[in-house]
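Working notes, structure below.
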Amino acid sequence: MASFKVLSQQSITNTSKTTQQSFKMFAPASPFSRPLPAGDRTMSAMYRQIGVETSISGASPHQLIKLLFNGYFEALTEAKGAMPKKDHEGKGKAIGRAIRIVDEGLKASLDLSAGGEIARNLNDLYSYICIRLTHANLHNDEKALDECANLMTPVKEAWDAIQTNAGQVQASRMELQA
């Protein structure tokens, strides 16, 4: 509380380091609104991030899940590439991103009450994948990463088929109306 009282007594026009640093404690309103220092990311990564943000803003719920699957497999590829290079930081970040995608994205989007047995099975699968990803990170286990990819591939393929079938149904409805 003492530091709060000191900060509250300073003028808004005061540009001391303490005042500037105090604003850093507040999270941005959106994860996309924070400025990125130029040296933190390559230009290609920045363009890729812009592409992802653009995809997200106009995506349907089905497309959002598809983007999560794509991000998951991209993260696994990055982690697998970092392991032989002994890039522990890169591996950890990539596996952490994959875990967040599965846990906070795919698993959190399940409706367990309405989804029935399928949703419960997916929930269990996603929990298992998170455990195996953690194991892969701790033990540099490429086989665990392969297992996670092999477990998720049929789910992604099924999800992709849903959109394809929905598109075919929509196209056939349009043909019938014409």
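A few notes on this one:
- Residue 157-residue 121 pseudo-label distance in nm [points 7 Å out on the Cα-to-Cβ vector]: 1.5
- Applying both filters, DSSP loop and at most 15 other Cβ atoms within 10 Å, to the trypsin sites (Lys or Arg not before Pro) of segment 78-167 gives 85, 86.
- Estimated D of segment 75-148 in µm² per second, where Rh is the Kirkwood radius over Cα pairs and Stokes-Einstein applies at 25 °C, 0.890 mPa s: 195
Every number in this text was worked out from the coordinates using simple rules, so none of it is lab data. On a predicted model such as this, the values are computed, not experimentally measured, just so you know. Note: ideal-geometry Cβ built from the backbone for every residue, glycine included; neighbour counts use all protein chains shown.
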